[in-house]
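Here is the structure we will look at, set down as structure tokens.
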């Protein structure tokens, strides 16, 4: 990304060094990644499941809704994520034994999250650092308001090319 | 160079690529599952004798199979693979990868050599890492119910 470049202060006048920067971003895409709200790349509504729902029912919901993960919500609190990777790692090797067990037993607990005040760029960094492809978005009260997925990020990038081409 | 210019001009080889998992069509679905679990990857490409991709098997297909045909783990992957897959070469621009993934709703794209043989795997995760490396910033990694901690990500 381009470095911030400060404009020179006029001779003899007080100048707040933190207030007068030139163009901070090299192109509108970079600016959008930092300045746009996270809602620009989040999906709503999110696919949910209760921790007490059985594994097979959760998988059926993923299959029917063609989603890669379900947020596991207890009351109004996020307690985990049940993803395609959980199916591959924990369900497929012993499907007959676990298909009727509660999702709680095979979900990924304590998922990595971002907050709706974060930027799209920060969310992408969190995805890259944590290694999770789907990251729930929470509000200030820790309630789920959306989810970030790579599909929405690529759509965001592609939309931006179209807008700025 | 701006991020947009980099995406338009950088070749696919700038993205962190992963070794592609391949199996012949005579392998079983169970073998594909074992391979994917071992490599922590969500996709296996099914190849012919020339090592050219002829299909793919993904985690999403696995979920559908377990629900509709749970005995399929012992059957041939060639009977259950998806025949839709997209090839891309290392020298093509990253913008084309974005077009492919978005236009065809793909999570994985097969990187092939000049002869059309499977060479590597790329996709959503690699693209996220590429973007993140080019907009380094302090990242707040938060887990539900815990205090956030900071990670300084300084690019590549």
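Numbers at a glance
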quantity	calculated
Ordering of B:16-26, A:124-134 by packing [mean C-beta count within 10 Å, highest first]	A:124-134, B:16-26
Folded to 0 to 90 degrees: helix B:124-134 orientation relative to chain B principal axis, Cα	20 degrees
Rule-of-thumb Rg ratio for the range A:73-165 [Cα; 2.2 N^0.38 Å; N residues]	1.29
Projected label distance in nm at residue A:50 and residue B:17, using a 7 Å step from Cα toward the beta-carbon	4.9 nm
Shielding by partners - mean other protein chain Cβ count within 10 Å, residues of A:114-126	5
Those residues of the range B:72-112 whose amide nitrogen sits under 12 Å from the label point placed on residue A:155, 7 Å along Cα→Cβ	B:102-103, B:105
Segments A:79-85, B:59-65 sorted - mean Cβ within 10 Å per residue, highest first	A:79-85, B:59-65
Förster-model FRET efficiency, 51 Å R0, residue B:74 and residue A:141, C-beta, rounded to 0.05	0.55
Mean separation of Cα contacts under 8 Å, 6 or more apart, over the residue count of the range A:22-96: relative contact order %	21 percent
Cα-based convex hull, chain B, per residue volume (Å³, whole number)	137 Å³
19 Å cut-off, amide nitrogen to a point 7 angstrom out along residue A:76 Cα→Cβ, residues in the range A:27-55	A:44-51
Projected-area average for the protein assembly as shown over all orientations - Cα convex hull basis, square nanometres	18.6 nm²
Relative contact order of chain B, defined on C-alpha pairs under 8 angstrom at six or more residues apart (%)	25 percent
Span from the the range A:40-107 Cα centroid across to the the range B:81-134 one, whole angstrom	27 Å
Helix B:29-39 vs. chain B, principal-axis angle (Cα, 0 to 90°, nearest 10)	20 degrees
Rg and Dmax [Cα atoms of the range B:45-137; Å; Rg one decimal, Dmax integer]	15.3, 48
Angle between chain B longest axis and helix B:94-104 axis [Cα atoms, degrees, rounded to 10]	50 degrees
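Every number in this text was worked out from the coordinates using simple rules, so none of it is lab data. Everything numeric in this text was worked out from a predicted model, so none of it was measured. Positions of Cβ are generated from backbone atoms using ideal geometry, with glycine treated the same way; all protein chains shown enter the neighbour counts.
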